[in-house]
1. Report the net charge of residues surrounding Leu91, where surrounding means a beta-carbon distance below 13 angstrom and charges are Lys +1, Arg +1, Asp -1, Glu -1.
2. Relative to a virtual label point 7 Å from the Cα of Ala120 in the Cα→beta-carbon direction, which members of segment 37-70 show backbone nitrogen distances below 15 Å?
3. Normalised radius of gyration for segment 62-130, please: alpha carbon Rg relative to 2.2 N^0.38 Å, two decimal places.
4. What does the charge dipole of segment 26-122 about its Cα centre add up to, to the nearest 20 debye, if the Cβ of each Lys and Arg holds +1 and the Cβ of each Asp and Glu holds -1?
5. Sort 58-67, 22-31 for me by packing, meaning the mean count of neighbouring Cβ atoms within 10 Å per residue, highest on top.
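Each reported figure results from applying straightforward, stated rules to the coordinates on display, with no laboratory input. Predicted, not measured: the structure shown is a model, and the values here were computed from it. Note that each Cβ is placed from the backbone with ideal geometry, even for glycine, and that neighbours are counted across all protein chains shown.
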Amino acid sequence: MKFFMIIIGLLGISASQVVAEAIPGSQISYQAWSGNAFTNDSTGAFSHCAISANYVSGNTLHLSVNRDATISVGVSGDLGLRKGQTFPVALYIDRRAPFFGTADALDEYFAVLKIDNFDAAMTALKKGHN
């Protein structure tokens, strides 16, 4: 349930607006990562796919591919943030050059990242890189 609520927060949707149901058979688990695909309970339509991984720091990284073909990135944990606080971030994926952006604290335990030049970042991610 905690994972579900974090993803709802990550997507910026209140739990009263949308309830997501895991799609049977969509569960994935690979090394530290786990996740599911979800449908919108009201419509039955695809809602999002979400994965998360826990880190030694105690923080959890959350990634979501959404119905509207966007990607959401969030971090949860004992972050010591203030609701509404913003700060610059650098996101490193697969030993490539960082993607820069801004994080917004939804509360003291959860921040959502907004990647600058998202289109360029998506193009780079689609190419893959190890």
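1. With Lys, Arg at +1 and Asp, Glu at -1, the net is +1.
2. So the set is empty, nothing qualifies.
3. Working: Rg = 12.7 Å, N = 69, 2.2 N^0.38 = 11.0 Å.
Rounded to two decimals, the normalised Rg is 1.15.
4. My answer is approximately 160 debye.
5. The most tightly packed comes first, giving 58-67, 22-31.
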